[in-house]
Amino acid sequence: MALRSNPESSGTDKAAVIAVSSHVVRGTVGNRAIVFALESLGHPVWSVPTVTLPWHPGHGHATRLVPGPQEFSAFVEDLCNSPKLGEIGAVVTGYFGAPGQVEDMARLVQAVKARSPDALFVCDPVLGDGGQGGGRLYQPPETLEAIRELLIPLADIATPNRFELQFLTGLELNTNQHLIEAAATLGPRLVLVTSAFALLRGGIANLLVDGFSATLAEHRHIDGAPSGTGDLTAAVFLARLLGGASPEKALQSTTAAVYEILARTTKRGADELTLETDADALRSPLAMVQMRRLAGAGGRRA
(Lines give C-alpha, C1' and ligand atoms only; values in the text may rest on other atoms or scores of the structure.)
Protein backbone atom coordinates (compact mmCIF):
# COMPACT_ATOMS: atom_id res chain seq x y z
CA MET A 1 0.00 0.00 0.00
CA ALA A 2 1.43 3.39 -1.02
CA LEU A 3 1.23 5.85 1.86
CA ARG A 4 0.56 8.81 -0.40
CA SER A 5 -2.21 9.70 -2.78
CA ASN A 6 -2.59 11.17 -6.25
CA PRO A 7 -5.79 13.22 -6.23
CA GLU A 8 -7.25 15.10 -9.14
CA SER A 9 -6.30 18.76 -9.20
CA SER A 10 -8.01 20.87 -6.52
CA GLY A 11 -6.15 24.08 -7.34
CA THR A 12 -3.21 23.19 -5.09
CA ASP A 13 -0.36 20.72 -5.28
CA LYS A 14 -1.54 18.92 -2.14
CA ALA A 15 -4.35 16.45 -1.65
CA ALA A 16 -7.64 17.59 -0.19
CA VAL A 17 -8.77 15.83 2.99
CA ILE A 18 -12.23 15.08 4.36
CA ALA A 19 -12.15 15.69 8.13
CA VAL A 20 -15.00 14.24 10.16
CA SER A 21 -15.29 15.10 13.86
CA SER A 22 -16.87 17.39 16.43
CA HIS A 23 -16.94 21.16 16.10
CA VAL A 24 -16.60 23.53 19.06
CA VAL A 25 -17.31 27.26 19.02
CA ARG A 26 -14.49 28.02 21.46
CA GLY A 27 -11.35 25.91 21.57
CA THR A 28 -9.09 23.68 19.53
CA VAL A 29 -10.42 20.15 19.83
CA GLY A 30 -12.00 17.87 17.25
CA ASN A 31 -12.24 19.39 13.80
CA ARG A 32 -11.03 22.77 15.08
CA ALA A 33 -7.62 21.15 15.63
CA ILE A 34 -7.72 18.79 12.64
CA VAL A 35 -8.74 21.40 10.07
CA PHE A 36 -6.33 24.04 11.36
CA ALA A 37 -3.39 21.64 11.23
CA LEU A 38 -4.15 20.29 7.77
CA GLU A 39 -4.80 23.72 6.26
CA SER A 40 -1.67 25.14 7.91
CA LEU A 41 0.27 22.36 6.20
CA GLY A 42 -1.23 23.19 2.83
CA HIS A 43 -4.12 20.74 2.47
CA PRO A 44 -7.61 21.88 1.42
CA VAL A 45 -10.15 20.43 3.86
CA TRP A 46 -13.76 19.36 3.50
CA SER A 47 -14.98 19.67 7.09
CA VAL A 48 -17.85 17.47 8.27
CA PRO A 49 -19.16 18.28 11.79
CA THR A 50 -20.71 15.32 13.61
CA VAL A 51 -21.82 17.39 16.62
CA THR A 52 -21.53 21.06 17.53
CA LEU A 53 -20.78 22.22 21.08
CA PRO A 54 -19.98 25.62 22.60
CA TRP A 55 -16.73 24.23 24.04
CA HIS A 56 -15.12 21.01 25.23
CA PRO A 57 -17.34 19.43 27.94
CA GLY A 58 -14.34 19.42 30.26
CA HIS A 59 -14.85 23.19 30.66
CA GLY A 60 -18.40 22.77 31.96
CA HIS A 61 -21.91 22.10 30.72
CA ALA A 62 -21.93 22.02 26.91
CA THR A 63 -25.16 21.71 24.92
CA ARG A 64 -24.86 19.23 22.04
CA LEU A 65 -26.33 19.95 18.61
CA VAL A 66 -26.38 16.64 16.74
CA PRO A 67 -27.62 16.51 13.13
CA GLY A 68 -30.74 14.41 12.65
CA PRO A 69 -29.91 10.94 11.32
CA GLN A 70 -31.82 11.36 8.05
CA GLU A 71 -30.35 14.81 7.42
CA PHE A 72 -26.81 13.63 8.19
CA SER A 73 -27.18 10.59 5.94
CA ALA A 74 -28.47 12.79 3.08
CA PHE A 75 -25.60 15.22 3.68
CA VAL A 76 -23.08 12.37 3.36
CA GLU A 77 -24.83 11.07 0.27
CA ASP A 78 -24.29 14.46 -1.37
CA LEU A 79 -20.57 14.13 -0.65
CA CYS A 80 -20.47 10.59 -2.02
CA ASN A 81 -22.02 11.82 -5.28
CA SER A 82 -19.94 14.98 -5.59
CA PRO A 83 -18.26 15.45 -8.98
CA LYS A 84 -15.32 16.91 -7.00
CA LEU A 85 -14.75 13.75 -4.98
CA GLY A 86 -11.66 12.99 -7.04
CA GLU A 87 -9.89 15.89 -5.28
CA ILE A 88 -9.84 13.87 -2.06
CA GLY A 89 -6.59 12.16 -1.17
CA ALA A 90 -7.48 11.18 2.41
CA VAL A 91 -10.25 10.91 4.98
CA VAL A 92 -9.76 11.28 8.72
CA THR A 93 -12.52 10.49 11.22
CA GLY A 94 -12.63 11.38 14.90
CA TYR A 95 -15.48 11.93 17.35
CA PHE A 96 -19.00 10.86 16.35
CA GLY A 97 -22.13 12.51 17.67
CA ALA A 98 -24.34 9.42 17.21
CA PRO A 99 -23.73 5.72 16.45
CA GLY A 100 -25.60 5.84 13.12
CA GLN A 101 -23.08 8.35 11.75
CA VAL A 102 -20.42 5.63 11.65
CA GLU A 103 -22.25 3.68 8.94
CA ASP A 104 -22.60 6.86 6.89
CA MET A 105 -18.87 7.48 7.19
CA ALA A 106 -18.06 3.95 6.09
CA ARG A 107 -20.11 4.63 2.98
CA LEU A 108 -18.21 7.87 2.32
CA VAL A 109 -14.80 6.21 2.77
CA GLN A 110 -15.81 3.51 0.31
CA ALA A 111 -16.95 6.15 -2.19
CA VAL A 112 -13.63 8.01 -1.89
CA LYS A 113 -11.61 4.83 -2.34
CA ALA A 114 -13.73 3.77 -5.32
CA ARG A 115 -12.82 7.07 -6.99
CA SER A 116 -9.19 7.21 -5.74
CA PRO A 117 -7.92 3.74 -4.69
CA ASP A 118 -4.71 5.17 -3.20
CA ALA A 119 -6.58 7.59 -0.92
CA LEU A 120 -5.70 7.10 2.74
CA PHE A 121 -8.19 6.58 5.53
CA VAL A 122 -7.15 7.49 9.08
CA CYS A 123 -9.50 6.28 11.80
CA ASP A 124 -8.96 8.04 15.11
CA PRO A 125 -11.34 6.03 17.33
CA VAL A 126 -12.27 8.72 19.82
CA LEU A 127 -13.90 6.48 22.41
CA GLY A 128 -12.37 7.02 25.83
CA ASP A 129 -9.29 7.81 27.89
CA GLY A 130 -7.44 6.97 31.07
CA GLY A 131 -9.99 8.41 33.46
CA GLN A 132 -9.81 7.52 37.14
CA GLY A 133 -8.53 4.08 38.07
CA GLY A 134 -8.12 2.90 34.46
CA GLY A 135 -9.74 3.42 31.09
CA ARG A 136 -13.23 4.91 30.77
CA LEU A 137 -15.51 4.85 27.77
CA TYR A 138 -17.35 8.10 26.96
CA GLN A 139 -19.12 6.83 23.86
CA PRO A 140 -22.06 4.41 23.92
CA PRO A 141 -21.23 0.73 23.26
CA GLU A 142 -23.06 0.98 19.92
CA THR A 143 -20.52 3.54 18.67
CA LEU A 144 -17.60 1.42 19.85
CA GLU A 145 -19.02 -1.61 18.07
CA ALA A 146 -19.74 0.31 14.86
CA ILE A 147 -16.22 1.76 14.71
CA ARG A 148 -14.71 -1.66 15.36
CA GLU A 149 -16.87 -3.45 12.79
CA LEU A 150 -17.29 -0.83 10.05
CA LEU A 151 -14.39 1.64 10.11
CA ILE A 152 -11.35 -0.21 11.44
CA PRO A 153 -11.51 -2.80 8.59
CA LEU A 154 -11.44 0.07 6.06
CA ALA A 155 -8.62 2.00 7.74
CA ASP A 156 -5.10 2.27 6.40
CA ILE A 157 -4.05 3.97 9.64
CA ALA A 158 -5.55 3.92 13.14
CA THR A 159 -4.52 6.31 15.92
CA PRO A 160 -6.04 5.03 19.19
CA ASN A 161 -4.75 5.92 22.61
CA ARG A 162 -3.81 2.89 24.63
CA PHE A 163 -7.17 2.77 26.42
CA GLU A 164 -9.07 2.92 23.13
CA LEU A 165 -6.91 0.10 21.79
CA GLN A 166 -7.87 -1.90 24.86
CA PHE A 167 -11.58 -1.22 24.25
CA LEU A 168 -11.27 -2.15 20.57
CA THR A 169 -9.39 -5.40 21.13
CA GLY A 170 -10.87 -6.48 24.46
CA LEU A 171 -7.34 -7.14 25.74
CA GLU A 172 -5.65 -5.96 28.92
CA LEU A 173 -2.68 -3.86 27.84
CA ASN A 174 -0.11 -3.22 30.54
CA THR A 175 3.17 -3.02 28.60
CA ASN A 176 4.41 -1.76 25.25
CA GLN A 177 4.76 -5.36 24.11
CA HIS A 178 1.06 -5.83 24.84
CA LEU A 179 0.32 -2.69 22.80
CA ILE A 180 2.44 -3.95 19.90
CA GLU A 181 0.74 -7.34 19.83
CA ALA A 182 -2.74 -5.78 20.09
CA ALA A 183 -1.96 -3.24 17.35
CA ALA A 184 -0.71 -6.01 15.07
CA THR A 185 -4.08 -7.77 15.38
CA LEU A 186 -6.21 -4.66 14.88
CA GLY A 187 -6.08 -4.66 11.08
CA PRO A 188 -4.73 -1.37 9.67
CA ARG A 189 -1.19 -1.47 8.31
CA LEU A 190 -0.10 1.44 10.52
CA VAL A 191 -1.29 1.82 14.10
CA LEU A 192 -0.10 4.85 16.05
CA VAL A 193 -0.82 4.34 19.76
CA THR A 194 -0.78 7.57 21.74
CA SER A 195 -0.19 7.59 25.52
CA ALA A 196 2.03 4.51 25.23
CA PHE A 197 4.42 3.54 28.02
CA ALA A 198 7.55 5.70 28.06
CA LEU A 199 10.93 4.27 28.95
CA LEU A 200 12.13 7.70 30.05
CA ARG A 201 11.40 8.52 33.68
CA GLY A 202 8.59 11.06 33.83
CA GLY A 203 7.91 10.73 30.12
CA ILE A 204 5.08 9.86 27.76
CA ALA A 205 5.28 8.22 24.36
CA ASN A 206 3.71 7.53 20.99
CA LEU A 207 4.15 4.00 19.65
CA LEU A 208 4.04 3.28 15.93
CA VAL A 209 3.43 -0.32 14.86
CA ASP A 210 4.10 -1.01 11.17
CA GLY A 211 3.86 -4.75 10.55
CA PHE A 212 6.74 -6.28 12.50
CA SER A 213 8.36 -2.88 13.08
CA ALA A 214 7.69 -0.95 16.29
CA THR A 215 9.07 2.52 17.03
CA LEU A 216 8.65 4.58 20.21
CA ALA A 217 8.83 8.40 20.25
CA GLU A 218 9.15 9.80 23.79
CA HIS A 219 9.14 13.20 25.43
CA ARG A 220 8.71 14.71 28.88
CA HIS A 221 5.19 14.44 30.33
CA ILE A 222 3.49 17.82 30.66
CA ASP A 223 1.06 18.21 33.55
CA GLY A 224 -2.24 19.99 32.98
CA ALA A 225 -2.19 19.51 29.22
CA PRO A 226 -5.35 20.71 27.46
CA SER A 227 -7.48 18.44 25.30
CA GLY A 228 -7.02 18.06 21.56
CA THR A 229 -3.61 16.43 21.32
CA GLY A 230 -5.02 13.21 19.90
CA ASP A 231 -6.90 15.09 17.17
CA LEU A 232 -3.79 17.13 16.38
CA THR A 233 -1.56 14.04 16.29
CA ALA A 234 -3.81 12.24 13.79
CA ALA A 235 -3.96 15.29 11.51
CA VAL A 236 -0.24 16.06 11.53
CA PHE A 237 0.74 12.40 11.09
CA LEU A 238 -1.56 12.17 8.07
CA ALA A 239 -0.14 15.37 6.56
CA ARG A 240 3.43 14.08 6.96
CA LEU A 241 2.54 10.83 5.19
CA LEU A 242 0.75 12.67 2.39
CA GLY A 243 3.90 14.75 2.02
CA GLY A 244 5.94 11.63 1.35
CA ALA A 245 7.58 11.12 4.76
CA SER A 246 8.34 7.59 5.87
CA PRO A 247 6.13 6.36 8.74
CA GLU A 248 9.04 6.56 11.19
CA LYS A 249 9.98 10.09 10.14
CA ALA A 250 6.31 11.09 10.28
CA LEU A 251 6.15 9.74 13.85
CA GLN A 252 9.23 11.71 14.90
CA SER A 253 8.17 15.05 13.42
CA THR A 254 4.54 14.68 14.51
CA THR A 255 5.50 13.92 18.10
CA ALA A 256 7.94 16.84 18.12
CA ALA A 257 5.34 19.26 16.74
CA VAL A 258 2.60 18.28 19.19
CA TYR A 259 5.01 18.31 22.13
CA GLU A 260 6.31 21.75 21.21
CA ILE A 261 2.80 23.20 20.92
CA LEU A 262 1.81 21.56 24.20
CA ALA A 263 4.87 22.98 25.98
CA ARG A 264 4.24 26.47 24.64
CA THR A 265 0.53 26.30 25.51
CA THR A 266 1.07 25.25 29.12
CA LYS A 267 3.82 27.84 29.59
CA ARG A 268 1.26 30.51 28.70
CA GLY A 269 -1.26 28.99 31.11
CA ALA A 270 -3.83 28.58 28.32
CA ASP A 271 -6.70 26.11 28.72
CA GLU A 272 -6.80 25.32 24.98
CA LEU A 273 -4.02 24.51 22.53
CA THR A 274 -2.68 27.81 21.16
CA LEU A 275 -2.52 26.62 17.57
CA GLU A 276 -3.03 30.04 16.01
CA THR A 277 0.08 31.31 17.80
CA ASP A 278 2.21 28.21 17.31
CA ALA A 279 1.51 27.25 13.70
CA ASP A 280 5.24 27.44 12.97
CA ALA A 281 5.73 24.37 15.18
CA LEU A 282 3.42 22.39 12.90
CA ARG A 283 5.62 23.12 9.91
CA SER A 284 9.12 23.03 11.43
CA PRO A 285 9.19 21.77 15.03
CA LEU A 286 12.35 22.43 17.02
CA ALA A 287 11.57 20.16 19.97
CA MET A 288 13.66 17.03 20.42
CA VAL A 289 12.11 13.63 21.03
CA GLN A 290 13.76 10.33 21.92
CA MET A 291 13.30 7.66 19.24
CA ARG A 292 13.68 3.94 20.02
CA ARG A 293 13.18 0.74 18.05
CA LEU A 294 11.37 -1.95 20.03
CA ALA A 295 10.89 -5.66 19.56
CA GLY A 296 8.06 -6.14 17.09
CA ALA A 297 5.01 -8.39 17.21
CA GLY A 298 5.91 -11.96 17.97
CA GLY A 299 9.08 -10.85 19.74
CA ARG A 300 10.95 -10.18 16.47
CA ARG A 301 13.39 -7.30 16.64
CA ALA A 302 12.44 -4.36 14.45
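The values are calculated or read from the model by the stated rules, or taken from the named source; none is laboratory data. What you are looking at is a predicted structure, and each value in this text was computed from that prediction instead of being measured. So basically every Cβ, Gly included, is an ideal-geometry build from the backbone, and we count neighbours across all protein chains shown. Just so you know, the surface numbers come from the protein's heavy atoms only, side chains and all, with ligands and any DNA or RNA stripped out. Shrake-Rupley method; radii C 1.70, N 1.55, O 1.52, S 1.80 Å.
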**Asked** With respect to the numbered conditions (1) at pLDDT 95 or above; (2) assigned to a strand (DSSP E or B), which one is the sole condition not fulfilled by Ser195?
**Response** (1)
**Residues of segment 249-289 satisfying the condition of being over 20 Å from Asn206 (Cα atoms) and either among the acidic types (Asp, Glu) or not in a helix (DSSP H, G or I) (or both)** = Gly269, Ala270, Asp271, Glu272, Thr274, Leu275, Glu276, Thr277, Asp278, Asp280
**Item:** Which listed residue is open to solvent by less than 30 Å² (accessible area, probe 1.4 Å), modelled with pLDDT of 95 or more and within 19 Å of Asn176 (Cβ to Cβ), from Leu216, Leu294
**Value:** Leu216
**Request:** Show the residue pairs that are 6+ apart or on different chains and have beta-carbon atoms under 6 Å apart, the first residue being within segment 207-218 and farther than 12 Å from Thr194 by Cα, the second being open to solvent by less than 30 Å² (accessible area, probe 1.4 Å) and assigned to a loop (DSSP other than H, G, I, E, B).
**Result:** Phe212/Gly296; Ser213/Gly296; Ala214/Gly296
**Message:** Suppose we filter segment 153-177 for residues that are buried (at least 19 other Cβ atoms within 10 Å of the Cβ) and out of contact with any Ser or Thr (no Cβ under 7 Å at 6 or more places or on another chain); how many remain?
**Reply:** 13
**Complete:** By residue number, the members of segment 164-178 that are closer than 14 Å to Gly130 by Cβ and either β-branched (Val, Ile, Thr) or free of Cβ contacts under 8 Å to residues at least 40 places away in the same chain (or both) are Glu164, Leu165, Gln166, Leu173, Asn174
**Prompt:** When segment 47-74 is examined, which residues are found to be surrounded by 14 or more Cβ atoms within 10 Å (Cβ to Cβ), modelled with pLDDT of 95 or more and out of contact with any Ser or Thr (no Cβ under 9 Å at 6 or more places or on another chain)?
**Reply:** Pro69, Ser73
**Prompt:** Has segment 58-74 got at least one residue that is in a helix (DSSP H, G or I) and closer than 19 Å to Glu276 by Cβ?
**Reply:** yes
**Asked** Quick one: would you say Thr266 is of a type outside the set (Gly, Ala, Ser), touching a residue at least 40 places away in the same chain (Cβ under 8 Å) and within 16 Å of Phe237 (Cα to Cα)?
**Response** no
**Prompt:** So, in segment 178-207, of the ones that are open to solvent by less than 40 Å² (accessible area, probe 1.4 Å) and touching a Lys or Arg at 6+ places or on another chain (Cβ under 7 Å), which residue ends up farthest from Met288 (Cα to Cα)?
**Reply:** Leu179
**Message:** I'd like to check something: does segment 218-232 contain any residue that is assigned to a strand (DSSP E or B) and closer than 24 Å to Ala295 by Cβ?
**Reply:** yes
**Request:** Go through Asp271, Asp280, Asp210, Asp223 for me and flag whichever is in contact with a strand residue (DSSP E or B) (Cβ under 8 Å, 6 or more places away or on another chain), open to solvent by 20 Å² or more (accessible area, probe 1.4 Å) and not hydroxyl-bearing (Ser, Thr, Tyr).
**Result:** Asp210
